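Every number here is computed from the coordinates shown, using simple stated rules; none is lab data. If you're wondering where the values come from, they're calculated on a predicted model, not measured in any experiment. All Cβ positions, even for glycine, are placed from backbone atoms using ideal geometry, and neighbour counts span all protein chains on display.
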Amino acid sequence: MTASATRPDAGFQFYVTTESDPWFTPDTPVTIEPMQTFPGAFLRLDAPAQEIDGFGVCFNELGWVALSRLEEAERTEVMRQLFAPGVGANLTTCRMPVGANDFARDWYSYDEVDGDYALEHFSIANDDETLVPYIKAAQAQQPNLTLWASPWGPPSWFKRNKHYACAAPNPMSEQTNFDNGLSPDNQIEEGTDGLILSDEVLDAYARYFGKFIDAYRERGIDISMVMPQNEFNSAQIYPACTWTPEGLIKFLRRLIPEMERRGVKVFFGTMERPDDTMVEKVLADPEVGPHIEGVGFQWDGKRAVPFVHHNHPELKIYQSEQECGDGKNDWRYARYAWTMMRHYFNNGASVYDYWNLALDEGGVSRWGWSQNSLVTVDPETGRSRFTYEYYVLRHLSGFVQPGARFVPALSYTGYENLLAFHNPDGSVVVAAQNDMTIPQEIVVGVGNKNVTFTAPADSLVTVVVPAQEVEVAPKPLA
C-alpha cells in the first residue's frame, strides 16, 4: 500500500502540543503501510479493554465567577471550545458539588436550620446564582451533557463538631491567610465518622440528596449518579466530612433506596487514599455492595485503582478529580497531567474528569489554595486564555468518542508512552508523548499495518487513523 500523508482528503488527523506552540498540525506526514517490520508498539484491537464514557470537569462556583468577568461573546466561545461536539475539548461527563466545596464563594449548605429534619428550609437559591447558569451554559453547547455529584460536606448541624470543616488551619502551612472559625479542640480526625450517625440524621441526609436531585431536575438539569462523599477519609480545613467504611455503609443503606427511586446510580467515593480495603469493606456488605455500580478515585487513591479494577472488573472506574497543581499552569505540570491520564486509562478508567474549568489568574480558592484550571481569566483586563492542560486534555477528549474502547498496546521496542482508543465509528485514536529533547519517530501497529509519525521534541501528539485504514483482526507478521 502506498503511504498516505495528513491531507484532509486522506482522512488522517495529526495534532501536536509543545511548550512554545500549544496546538498545531506539523509539516511531517503520517504514513501507513503493510506491516513488514516490527512496530514500536502494537495495538491490541483484537482485545479491547474498558468502554470510555467520556471526559469532563467539575463545575465550581469560582469558575463561574471568573467566566462572568468576560464579555458574553467571549464566554460563549470559551464554552463552545470546551463543550460543543467536534469543536475543541468535547467534554461530556462532568462533576458538580452538592453544596459548597473548596472552590465555592464561601461556605453554604442547602439547609442550615438546626433541627430541621423535615428539610422544610431546603433551598438551592445560592446555586441559582452560580452553578445553575454555569451548567446551563455548558448544556447550551452540549445538550447530552452527563452530570454526577458529590458533597464536600453536609449541613454543619449534621456533624459532630457542628462546623463545616474538620480541621483548623495549621499555622505552619501556606494556608494561613484566613481563620475558618474552628477551634483546635473541636476538630474531627481522619478515620472517624464526622457525621452524627443517628437515625434522624442519616434519614434526613439521604432525603437531602433526594431534594437536591429533584431541585436540579426542576431546572432542567438531570444528575445521573452520586457519590456519598468527596475524599471521605480526609479531615480538611475547607468543607469536609470524614467517614469510616462502617459509617458509610449505614448511610448508603438509606441513600441507595432514595436514589433508586429517582433512577440515580450510586458509586463509592471519592477515594483518595491508597487503601483498597476501604472499598472492599463497603462492597462486602450484602445490602450495599450489589447496588454500588462504580468507584471514583483521585489524588493518592490512584495507587488503589489497579487492585480494585483487578478484583472488581465489573465496576466502573472514574478518575474523579485530576490533581490540581499550584496555580502556575505551566508546561511542567501539563507534562505530569499526561502521566496521570496514562495511569488511569491503563488501569480501567472509563471517565477522566479534570478539576477546575476556569479560575482567575493564580487560581486562589476561598481557603487560600492556588490551583490550575483549563481556562484562566485576567480580572484586570477581563480576557481569557486556554492553559496547557486544556490542550493536554483535548489530545484525548477531542477525539475519543463516548462508547470508544481503550486499546492496550504491546511494546516491541520499549516504546510504551502512548494511549490508544477504538472509536464507535471505526477510527483509532493514538496519543503519545515524546519526552526527549529531539524529535522521535513513532511506529504503531494498527491491525496489519504500521502507522508512522514523528513527534517533535518534548511534545504531546495525537493521530486519528480513519476507519477505512483499520482492520480489527490483525494478521500475523510475515
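Worth a mention:
- Helix 331-346 vs. the chain, principal-axis angle (Cα, 0 to 90°, nearest 10): 90
- Inter-label distance, Arg383 to His343: 3.6 nm, where each label sits 7 Å from its Cα along the C-beta direction.
- The stretch 336-478: translational diffusion in µm²/s, Stokes-Einstein, Kirkwood Rh over Cα pairs, 4 °C, 1.567 mPa s: 76
- Using distinct alpha-carbon pairs, which all enter the 1/r mean, Kirkwood radius of the stretch 280-346 in Å: 13.4
- Dimensions in Å of the stretch 1-146 - Rg and Dmax from alpha carbons: 22.7, 75
- Taking a straight Cα-Cα cut-off under 17 Å and skipping sequence neighbours fewer than 8 places away in the same chain, the lysines within cross-link reach of Lys159 are Lys250.
- Overall shape: prolate for the stretch 147-240, with the ratio a/c of the largest to smallest alpha carbon gyration tensor axis at 1.5 or above and a/b above b/c.
- Debye-sum result for the stretch 196-243 in log10 I(q)/I(0), which assumes one identical scatterer on each alpha carbon, at q = 0.24, 0.26 Å⁻¹: -0.99, -1.02
- Gain on full stretching of the segment that runs from Asp330 to His291 - 0.36 nm per residue minus C-alpha separation: 9.9 nm
- Leu197 paired with Ala467, simple spin-label distance in nm, labels 7 Å along Cα-to-beta-carbon: 5.3
- Virtual paramagnetic centre 7 Å along Cα→Cβ of Glu416, amide N under 17 Å, in the stretch 262-303: 303
- Dimensions (Å) - the chain, Cα atoms, principal axes, largest first: 75, 55, 45
- Each of Glu112, Glu314 was scored by other Cβ atoms within 10 Å of its Cβ. Arranged with the fewest first, they read Glu314, Glu112.
- For Phe297, Phe212, Phe251, the sequence from fewest to most other C-beta atoms within 10 Å is Phe212, Phe251, Phe297.
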